[in-house]
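Below is one structure, written out as structure tokens; comments come after it.
Every number here is computed from the coordinates shown, using simple stated rules; none is lab data. Note that the structure is a prediction, hence the values are computed from the model and not measured. Because the Cβ atoms are built from the backbone with ideal geometry, glycine has one as well, and the counts that use them run over all protein chains shown.
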Amino acid sequence: MEQNKTEKLTGKQNIVQILKFTVFSASAGIIQFVSFTLMNEIFKLPYWPSYLIALMLSVLYNFTLNKRFTFKSAANVPIAMLKVAGFYLVFTPLSTWWGDALTGIGWNEYIVLLGTMLVNLACEYLFCRFFVYKGSMNTNKLAAKDREINAKTLLSVICKR
């Protein structure tokens with residue numbers, strides 16, 4: 001069941017969605033940070049390849065969790081992935097450039113990485129919320145199950161009156 005495109009999320013639903021996105025992104029951030037550290041410290045790669053490898057790993061993980069649990073979208077996976085890839089076609093070169101430039105003038109790699117991850121969090125949430133999953137939020141099986149549970153709860157409350 002596709003959500004009506006004009007239906008809006010409640011304030012509570014928006015807050016829950018933002019919190020889920022943040023938690024999943026933080027876990028993806030851990031993957032990115034650990035991967036980056038391995039590339040930077042163990043393999044001694046320069047900033048930019050360390051960053052790119054770590055970013056790709058975290059994006060794949062984050063996409064999977066957020067599509068299913070945060071946005072509860074039944075949107076076509078390849079199309080949604082292409083849209084997210086479009087975001088990263090812009091974000092990746094820019095963030096690689098500024099990261100390499102900042103580390104090149106002496107900024108600490110980990111401070112640059114953390115700042116970049118925070119910019120990514122905010123920009124990607126907005127991009128996914130208002131472009132990738134616009135019109136397809138709460139359309140997957142998990143959302144249908146939630147609606148069924150909510151309807152049963154409401155019915156039990158009404159019947160108790």
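With charges set only on the Cβ (+1 for Lys and Arg, -1 for Asp and Glu), what does the dipole of the chain come to about its Cα centre, in debye to the nearest 20?
On the way: 17 positive and 8 negative charges, 225 e Å.
Value, rounded to 20: 1080 debye.
With each run of n ≥ 4 DSSP H residues scored as -39500 (n - 2.57), what mean residue ellipticity at 222 nm is computed for the chain after dividing by its residue count and rounding to the nearest 500 deg cm²/dmol? Spell out each step's value before the answer.
On the way: 5 runs with 113 residues, N = 161.
Rounded to the nearest 500, the figure is -24500 deg cm²/dmol.
Suppose a student asked you for the relative contact order of the chain, using Cα pairs under 8 Å spaced at least 6 residues apart; what percent would you report? Let's see the in-between values first.
Numbers: 124 pairs, mean separation 56.5, N = 161.
Answer for the chain is 35 percent.
Report the semi-axes of the equivalent ellipsoid for segment 11-160 in whole Å, largest first, where each axis is √(5λ) for an eigenvalue λ of the Cα gyration tensor.
Details: eigenvalues 265, 45, 32 Å².
Equivalent ellipsoid of segment 11-160: 36, 15, 13 Å, largest first.
Which one, Trp97, Leu113, Gly29, projects farthest toward the positive side of the charge dipole computed for the chain from Cβ point charges (K/R +1, D/E -1)?
Farthest towards the positive pole: Gly29.
Evaluate the distance, in nm, between pseudo-label points positioned 7 Å from the Cα of Ala122 and of Arg68 along their respective Cα→Cβ axes.
About 3.0 nm, to one decimal.
If each residue of separation counts as 0.36 nm, what is the full-extension length gain between Met56 and Leu19 once their alpha-carbon separation is subtracted? Walk me through the numbers before you get to the answer.
Numbers: separation 37, 0.36 × 37 = 13.32 nm, distance 2.25 nm.
11.1 nm is the gain from fully extending Met56 to Leu19.
Under a 10 Å cutoff between Cα atoms, tell me which one of Ser25, Ser50, Ser73 has the largest fluctuation in the Gaussian network model of the chain.
Ser50
If you filter segment 28-87 for trypsin sites (Lys or Arg not before Pro), then keep DSSP loop positions with at most 16 other Cβ within 10 Å, what is left?
Working: sites: Lys44, Lys67, Arg68, Lys72, Lys83; in loops: Lys44, Lys72.
Answer in residue order: Lys44.
Could you point to the residue in Asn66, Cys123, Leu52 farthest towards the positive end of the chain's charge dipole, with +1 and -1 charges on the Cβ of Lys/Arg and Asp/Glu respectively?
Asn66
If the chain between Ser156 and Leu45 were fully stretched, how many nm would it gain, using 0.36 nm times the residue separation less the Cα-Cα distance? Write down the numbers at each step before the final one.
Values: separation 111, 0.36 × 111 = 39.96 nm, distance 5.98 nm.
Answer, rounded to one decimal: 34.0 nm.
Which pairs, out of Lys8/Lys145; Lys20/Lys152; Lys20/Lys72; Lys12/Lys134; Lys20/Lys160; Lys67/Lys145, put more than 21 Å between their alpha-carbon atoms? Provide the component values of the computation, followed by the final result.
On the way: Lys8/Lys145 19 Å; Lys20/Lys152 24 Å; Lys20/Lys72 11 Å; Lys12/Lys134 18 Å; Lys20/Lys160 33 Å; Lys67/Lys145 16 Å.
Over 21 Å apart, Cα to Cα: Lys20/Lys152; Lys20/Lys160.
Report the calculated FRET efficiency for Asn108 and Leu142 (r = Cβ-Cβ distance, R0 = 41 Å), to the nearest 0.05. Walk me through the intermediate numbers first.
Numbers: r = 40 Å, r/R0 = 0.98.
E between Asn108 and Leu142, to the nearest 0.05, is 0.55.
Run through segment 1-88 and list the GluC sites (Glu not before Pro) located in a DSSP loop whose Cβ has at most 16 other Cβ atoms within 10 Å.
Filter output for segment 1-88: Glu2, Glu7.
How far apart, in nanometres, would the label points at Asn76 and Ser27 be if each is projected 7 angstrom from Cα along the Cα-to-Cβ direction?
Between Asn76 and Ser27, the simple spin-label model gives 2.9 nm.
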